[in-house]
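Note sheet for the following structure.
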Amino acid sequence: MTRKLYVDVDEVCADWGVSRAQGYKMIRQMNERMLKMNPNLIVIAGKVNRKFYEENCYGTKNKT
């Protein structure tokens, strides 16, 4: 099974044990941080890039 490129609100809620409203707020904040780092990125409302999510929420850095 391949992993999706983006994390959605259901996964954020499951990982952090928060409500959907809080999950969307977290996604919005992460997307804003990504855009500050690189304004040329494309973000999708309600989803966040999986690599960025894992690096910033779990502190992991994969070399893949």
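The values are calculated or read from the model by the stated rules, or taken from the named source; none is laboratory data. Because the structure is a prediction, the values reported are computed rather than measured. Cβ sites come from the backbone with ideal geometry, for glycine too, and all protein chains shown count toward neighbours.
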Which pairs do you get when a residue that is of a type in the set (Lys, Arg), found in the stretch 35-56, comes within reach of a residue that is part of a loop (DSSP other than H, G, I, E, B) and at pLDDT below 95, reach meaning Cβ atoms under 7 angstrom, with the pair 6+ apart or on two chains? ARG50/ARG3; ARG50/LYS4; ARG50/LEU5
For the stretch 43-63, indicate whether the set of residues that are among the acidic types (Asp, Glu), under 13 Å from the mean Cα position of the chain (by Cα) and exposed (fewer than 11 other Cβ atoms within 10 Å of the Cβ) is non-empty. no
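Just to verify a result, which residue in the stretch 33-50, among those that are outside any helix (DSSP H, G or I) and hydrophobic (A, V, I, L, M, F, W, C), is nearest to LEU5 (Cα to Cα)? Spell out the reasoning first.
Taking the stretch 33-50 as the starting set, the residues that turn out to be outside any helix (DSSP H, G or I) are 38-49.
Right, trim to hydrophobic (A, V, I, L, M, F, W, C) and you get 41-45, 48.
Numbers: LEU41: 14, ILE42: 13, VAL43: 12, ILE44: 11, ALA45: 14, VAL48: 9 Å.
This residue is VAL48.
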Just wondering, is there one or more residues in the stretch 14-32 that are basic (Lys, Arg), more than 11 Å from the chain's Cα centre (by Cα) and in a loop (DSSP other than H, G, I, E, B)? no
